[in-house]
Amino acid sequence: PEPAPVPAGAGRRPRWRPGRGRTAALAAGALALVGGFAAVWVTGGNDQSPRGGDTPALTAASGGWTARPAVGGDGMPQCSYGVGKLFCARPGVVFALDAADGRLLWRQPVGTRATSGPPVVSGGLVQPYTDGGSRLAGLDPATGEEVWRRRLPVGTTVRYAGDTALLTGVDGTVTGVDGATGRTRWHGVVPGQDAPSFAAFPGAAPAYATRTSADGGHTRVTAVDPASGRMRWDVRLRGWLKPVGARADGSVYFLAMDSGYGAREVVRYTPATGATRRVALPAVLDGAHATVRGDVVYVLATGGSLDAVDVAAGRRLWHLETSVSRGSLPVARDGRVYLSAGDGRLLAVDAVKGRLVGQTPARLGADSARVMSAPPAPVPVGTRVCATAPDGTVFTVDGHAPGAW
């Protein structure tokens, strides 16, 4: 039987109340006005007292702010954006920042010392991304208080697709969980996928389950409706394919990998017509990951080589050596490609000309030696771009003026 979600505070007095998020938000705003941002009221977690020393510094030159919130944990914060806030994670803790000025709004300890990515907003709630952890939880975005929690079997992997969490067990069965309530939407197997690995992308309704053959000769790709578990389409494509993006018209993009985990082709599959288009890369790109904007795929490899590949034209548009030894997943937005470096720099590249147009200073710290192999990706926040650094800082800069960074 599937474990039922446990209401927050079961066995003790509940800490969450309907409407409390609005009250807490109003109280925080009033305190900020009265105190001139000298102290920030922290809600959620075990700390309900004002904290000093967390006041972010406004950096007018870059059109943003820099904050180093004292929240515990180590390593580079991993952040996402939703409902006007930045939700970030470090091992053992999740916290929220005001996206406008970087003020710490709340922090909440989590029951694991590992994070698999930034928190996800699913079903209107914040969900810490703890792949392989022992529980799944939904937090009130206004306060950080638990709304629901759900225990997970050992070895469960978690992927999010819209308002559904897809839980894959060690036996290959998949459970779709409603992000708003923590309750099971569906449970079963994906036909032809005995151990499915899911990928999902913004603006694309399906989740994509993939399984590559033992010899790497072909990859079976199944598009699944995350809310119901129903299969939309299923295809077997040549090569060892890694999904990297999708478009609203249904087209899915892949990197074709070799046995050494290097990318050698960009592949587009269009389910409406069954057509597959392949564009060979000039060389095998080791440790590559990519993002898609329109019909252009931006591929960043280990060592910092960045390539723009136009799939419709069937050719590479440009190539740039960024000299970033450990780069994040690139992010394309408003004519720029952004990426973070392991030393805390944020870089901006002209998406049309392939030229470096701005970068922030390095922000090294005591945790620099523990930086993950792939730094967290930058996060667009309106006209600003948010990034993080090994010294624990979270900062935003004006995406329209990278030359001023």
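The values are calculated or read from the model by the stated rules, or taken from the named source; none is laboratory data. Only a predicted model underlies this, so the values are computations on that prediction, with no experimental measurement involved. Because the Cβ atoms are built from the backbone with ideal geometry, glycine has one as well, and the counts that use them run over all protein chains shown. Just the protein is used for accessible areas: all its heavy atoms, side chains included, with ligands, DNA and RNA removed. Shrake-Rupley method; radii C 1.70, N 1.55, O 1.52, S 1.80 Å.
Here are the numbers:
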quantity: Residue check for residue 150: farther than 20 Å from residue 328 by Cβ, surrounded by fewer than 24 Cβ atoms within 10 Å (Cβ to Cβ), modelled with pLDDT under 95 and touching a Pro at 6+ places or on another chain (Cβ under 8 Å); calculated: yes
quantity: When residues of segment 285-305 are limited to those that are β-branched (Val, Ile, Thr) and modelled with pLDDT of 95 or more, the one surrounded by the most Cβ atoms within 10 Å (Cβ to Cβ); calculated: 297
quantity: Subset of segment 73-83 (residues that are open to solvent by less than 40 Å² (accessible area, probe 1.4 Å) and farther than 20 Å from residue 341 by Cβ); calculated: 73, 82
quantity: Members of segment 306-338 that are under 20 Å from residue 253 (Cα atoms), assigned to a strand (DSSP E or B) and not basic (Lys, Arg); calculated: 306, 307, 308, 309, 310, 317, 318, 319, 331, 332, 337, 338
quantity: Top-ranked residue of segment 194-213 - restricted to ones that are modelled with pLDDT of 90 or more and more than 12 Å from residue 166 (Cβ to Cβ), ranked as farthest from the chain's Cα centre (by Cα); calculated: 213
quantity: Members of segment 247-268 that are farther than 14 Å from residue 293 by Cβ, part of a strand (DSSP E or B) and not hydrophobic (A, V, I, L, M, F, W, C); calculated: 262, 264, 265
quantity: Looking only at segment 202-223, and only at residues there that are among the hydrophobic types (A, V, I, L, M, F, W, C), in contact (Cβ under 8 Å) with a residue 40 or more places away in the chain and surrounded by 19 or more Cβ atoms within 10 Å (Cβ to Cβ), the one that is nearest to residue 117 (Cα to Cα); calculated: 207
quantity: Filter pass, residue 358 being within 16 Å of residue 397 (Cβ to Cβ), buried (at least 16 other Cβ atoms within 10 Å of the Cβ) and more than 21 Å from the chain's Cα centre (by Cα); calculated: yes
quantity: Any hit, segment 310-322, residues being under 27 Å from residue 396 (Cβ atoms) and among the hydrophobic types (A, V, I, L, M, F, W, C); calculated: yes
quantity: Test result for residue 176, touching a strand residue (DSSP E or B) at 6+ places or on another chain (Cβ under 7 Å), part of a loop (DSSP other than H, G, I, E, B), at pLDDT 95 or above and among the small types (Gly, Ala, Ser); calculated: no
